[in-house]
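The values are calculated or read from the model by the stated rules, or taken from the named source; none is laboratory data. Just so we're clear, the structure is a prediction, and the values are computed from it rather than from any experiment. All Cβ positions, even for glycine, are placed from backbone atoms using ideal geometry, and neighbour counts span all protein chains on display.
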Amino acid sequence: MGRERSGQTLQTSALVNEAYLRLVNTKNLRWQNRAHFFAISAQLMRRILVDFARSRRYLKRGGGLPRLALD
């Protein structure tokens, strides 16, 4: 989160909670060691941040508005 822009609305605690919920739901994952756990967690947090940014851009660009036909 240190390199994220200053106006980020997703707080660190929300990111950690979301990552925890996703990690708990993985059943077929066997942790090899501590480094493996941190690597998977970091990758998962990056995915959460990217998904969050995509959803904000979607809404910013009028993603929820109905489509108009130009015929």
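Reported count of residues in the range 21-46, each being charged (D, E, K, R) and within 22 Å of residue 11 (Cβ to Cβ), is 2. With respect to the conditions (1) assigned to a loop (DSSP other than H, G, I, E, B); (2) at pLDDT below 90, residue 32 falls short on a single one, namely (2).
Close Cβ contacts (under 6 Å, 6 or more residues apart or on different chains) running from residues in the range 37-52 that are touching a residue at least 40 places away in the same chain (Cβ under 8 Å) to residues that are hydrophobic (A, V, I, L, M, F, W, C) and not in a helix (DSSP H, G or I) comprise 52/10.
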